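Peer 1: Input: one structure, supplied below.
The values are calculated or read from the model by the stated rules, or taken from the named source; none is laboratory data. Since the structure is predicted, the reported quantities are computational estimates derived from the model, not experimental observations. Every residue, glycine as well, gets a Cβ built from its backbone with ideal geometry; the counts of neighbours run over all protein chains shown.
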């Protein structure tokens, strides 16, 4: 995917969150179900590295860092506006030495070292090329590492009117659920997925069958 297209997406995210970033952490627990459970269930090895793609205000980064002070954590986001809030939150939490923030795109970002876990908490459905983001992330996992995600589903178990209204609301924030991703996972990646609340959301773990030869230091 061309860098120009990714930069245009980042600008769009800045516009989406220009004002809502200031109330984001107050409102998102109302409908981002399973996000904290995903973070709390992570169990990387001692001294491991974790990267969140689409880190937003750093809610998940801070939660994980407080539970596991031994980890090195990276947060990547396409929105400079959200990263400004994230940086303030990290400084306020006293975690500047443990958590690093990067302005970048999930489809192209490359970390300085391999990581033990990659997180996509309700971020994959906002990315222009989510399949490419998964493929990219799977290329820099350590052996035994995995991609962990929770995201919106297609609400197929919901009444038609409620489903249409909710999807319309999400689309206003550039959120487009892509349940088809979990039906066409690339070769070489093992998937375990659990659909919840009538298809409202899906929790999944993706494990590359073979760890990539990631040698950058």
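Peer 1: Residues in the range 154-187 that are touching a strand residue (DSSP E or B) at 6+ places or on another chain (Cβ under 6 Å) and over 17 Å from residue 129 (Cα atoms): how many?
Peer 2: The qualifying residues number 0.
Peer 1: If you check residue 107 against the conditions, is it over 11 Å from the mean Cα position of the chain (by Cα) and surrounded by 22 or more Cβ atoms within 10 Å (Cβ to Cβ)?
Peer 2: Considered against the rule, which asks whether it is over 11 Å from the mean Cα position of the chain (by Cα) and surrounded by 22 or more Cβ atoms within 10 Å (Cβ to Cβ), residue 107 comes out as yes.
Peer 1: Go through (1) without any contact (Cβ under 8 Å) to a residue 40 or more places away in the chain; (2) under 24 Å from residue 29 (Cβ atoms); (3) within 16 Å of the chain's Cα centre (by Cα) one by one and return the number of the condition residue 172 breaks.
Peer 2: With (1) without any contact (Cβ under 8 Å) to a residue 40 or more places away in the chain; (2) under 24 Å from residue 29 (Cβ atoms); (3) within 16 Å of the chain's Cα centre (by Cα) applied to residue 172, the lone miss is (3).
Peer 1: Restricting to the range 199-217, and then to whatever is modelled with pLDDT of 50 or more and part of a loop (DSSP other than H, G, I, E, B), can you tell me which residue is surrounded by the most Cβ atoms within 10 Å (Cβ to Cβ)?
Peer 2: Here the residue is 200.
Peer 1: Now for a different question. Within the range 110-124, how many residues turn out to be closer than 25 Å to residue 8 by Cα and surrounded by 22 or more Cβ atoms within 10 Å (Cβ to Cβ)?
Peer 2: Matching residues across the range 110-124 total 7.
Peer 1: Residues that are at pLDDT below 90, surrounded by 18 or more Cβ atoms within 10 Å (Cβ to Cβ) and over 23 Å from residue 117 (Cα atoms): does the range 27-35 have at least one?
Peer 2: No: the range 27-35 contains no residue that is at pLDDT below 90, surrounded by 18 or more Cβ atoms within 10 Å (Cβ to Cβ) and over 23 Å from residue 117 (Cα atoms).
Peer 1: So if I check each of 65, 86, 93, which one is surrounded by fewer than 17 Cβ atoms within 10 Å (Cβ to Cβ), touching a helix residue (DSSP H, G or I) at 6+ places or on another chain (Cβ under 8 Å) and modelled with pLDDT of 95 or more? Give the steps one after another, and end with the answer.
Peer 2: Numbers: 65 fails: surrounded by fewer than 17 Cβ atoms within 10 Å (Cβ to Cβ); 86 fails: surrounded by fewer than 17 Cβ atoms within 10 Å (Cβ to Cβ).
Step by step, each of 65, 86, 93 is checked, and only 93 is surrounded by fewer than 17 Cβ atoms within 10 Å (Cβ to Cβ), touching a helix residue (DSSP H, G or I) at 6+ places or on another chain (Cβ under 8 Å) and modelled with pLDDT of 95 or more.
Peer 1: Could you list all residues from the range 1-20 that are more than 20 Å from residue 171 (Cβ to Cβ) and assigned to a helix (DSSP H, G or I)?
Peer 2: Narrowing the range 1-20 to residues more than 20 Å from residue 171 (Cβ to Cβ): 1-4, 6-7.
If the condition is that a residue be more than 20 Å from residue 171 (Cβ to Cβ) and assigned to a helix (DSSP H, G or I), then 3, 4, 6, 7 are the ones that fit.
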